[in-house]
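Asker: Right, I'll just put the structure down here and ask away after.
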Amino acid sequence: MQVADRLRLMAVHAHPDDESSKGAATMAKYVDEGHDVLVVSCTGGERGDILNPKLVDDIHILRDLPRVRREEMARAQAILGVQHTWLGFVDSGLPEGDPLPPLPDGCFALEPLDVTTEALVREVRRFRPHVMTTYDENGGYPHPDHIMCHTVSMAAFAAAGDPAAYPHAGEPWQPLKIYYNQTFSRERIVAFHEALTALEEESPYAEWLEHWQDRTPRTVTTSIHCADYYDRRDQALLAHATQIDPDGTFFRVPREVQQRVWPTEEYEAALSYVPVVPIEDDLFAGLGDVASADALATKAGLELAYDGRKDPA
Ligand SMILES: [Zn+2]
């Protein structure tokens, strides 16, 4: 594939490590196919805990976790082959307790939306993605940074093509589609649970499934076959050594089993300027070649062709 044929995908994530647990195999696949993929991390993950029991007392890490997380992110980036940029906001932390404590001053979730949106609009206008991915309106899980990642992504998608919006943040560019990551579904966990049970292996998911709380049903519009990239996904996730227990649930299902029973990563189209015809097998479906996608992304007066949002504004 020639450079001129590269389509561009921007994946917006809340913290370093989210890119490796949500859509990582899809990104590695697109990189291998010759497309340009940019991961945007909204925050530096400064308020994360050390989740790997083998590293909790590591003095080198405790002294400067933000630096360690930047180094981990650089390793994951190299493994996935993606480009990466920090949006530069500060992790809000996951409030715990009853009542919940207030969010810390100056954190990402408390920044004025205009400020965070302009920062992402500037990245959109620089990288010029044809397609963006983010989280759904619930954040995928209720971390304030994940919910804000959704809000800022949708605001930037709406503003980036508008010449009147953020005029000092670059030339207008309208990404043509934005999707929500839907990698974590009940169906996928059930498939793993049943596969392990059939193999007479202990399943770590029985209790999890018992306590599964019903969520808004999601509309999967797009399913990317990427089982050949699960190895790269796992290596990238392990590169975030402070954030993942290598003996934890995530790695309990043997890779061959995952490749057999769930060889895909799922997405939900939220907004699109080209028709969305489920089930798609490509995030770039319907865009044509780079020249026609570029022309569409800079055309005035575009009309939405698809609105799959659960909370239309
Ligand atoms: Zn996160």
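The values are calculated or read from the model by the stated rules, or taken from the named source; none is laboratory data. Treat the numbers as computed from the prediction; the structure is a model and nothing was measured. Note: ideal-geometry Cβ built from the backbone for every residue, glycine included; neighbour counts use all protein chains shown. Each accessible area value is taken on the protein alone, full model and side chains, heavy atoms only, with ligands, DNA and RNA left out. Shrake-Rupley method; radii C 1.70, N 1.55, O 1.52, S 1.80 Å.
Asker: Carbon and sulfur: what percent of segment 16-139's accessible surface (1.4 Å probe)?
Answerer: It is 51 percent, rounded to a whole number.
Asker: Quick one: what do you get for segment 192-273 if you divide its Cα Rg by 2.2 N^0.38 Å?
Answerer: After normalising by residue count via 2.2 N^0.38 Å, the value is 1.27.
Asker: Additional query: For a quick size check, give me the Cα extents of segment 134-264 along its three principal axes, largest first, whole Å.
Answerer: Extents along the principal axes, in whole Å: 61, 31, 30.
Asker: In the full protein assembly as shown, how much of Arg128 is accessible to a 1.4 Å probe, in Å² to the nearest 10?
Answerer: Approximately 90 Å² of Arg128 is accessible to the 1.4 Å probe.
Asker: Another one. What figure in square angstrom, to the nearest 10, would you give for the accessible area of Tyr141 with a 1.4 Å probe?
Answerer: For Tyr141, solvent-accessible area is about 110 Å².
Asker: What do you get when you divide the Cα radius of gyration of segment 72-186 by 2.2 N^0.38 Å, with N the number of residues? Can you show the working numbers first?
Answerer: Values: Rg = 15.3 Å, N = 115, 2.2 N^0.38 = 13.4 Å.
Rg over 2.2 N^0.38 Å, computed on Cα atoms: 1.15.
Asker: Moving on to the next point. Which one of Ala76, Thr133, Thr298 is farthest out on the positive end of the charge dipole of the chain, using unit charges on Cβ (Lys, Arg +1; Asp, Glu -1) and the Cα centre as origin?
Answerer: Final value for the positive-end residue is Thr298.
Asker: Could you order peptides 5-14, 166-175 by the average number of other Cβ atoms within 10 Å of their residues, highest first?
Answerer: Working: 5-14: 24.3, 166-175: 16.5.
Taking the mean over residues of other Cβ atoms within 10 Å, the ranking is 5-14, 166-175.
Asker: Mind ranking 213-222, 150-159 by how tightly packed they are, going by the mean number of other C-beta atoms within 10 angstrom, highest first?
Answerer: 150-159, 213-222
Asker: May I ask you to list the GluC sites (Glu not before Pro) in segment 219-313 that are in a DSSP loop and have at most 16 other Cβ atoms within 10 Å of their Cβ?
Answerer: Hits after loop and neighbour filter: Glu303.
Asker: So, one more: Considering every Cα-Cα pair within the chain, what fraction, in whole percent, is farther apart than 35 Å?
Answerer: 18 percent
Asker: Once you sort the root eigenvalues of the Cα gyration tensor of segment 29-133 as a ≥ b ≥ c, which label holds: rounded (a/c under 1.5), prolate (a/b larger than b/c) or oblate (the other case)?
Answerer: Judged from the Cα gyration tensor, segment 29-133 comes out oblate (a/c at least 1.5, b/c at or above a/b).
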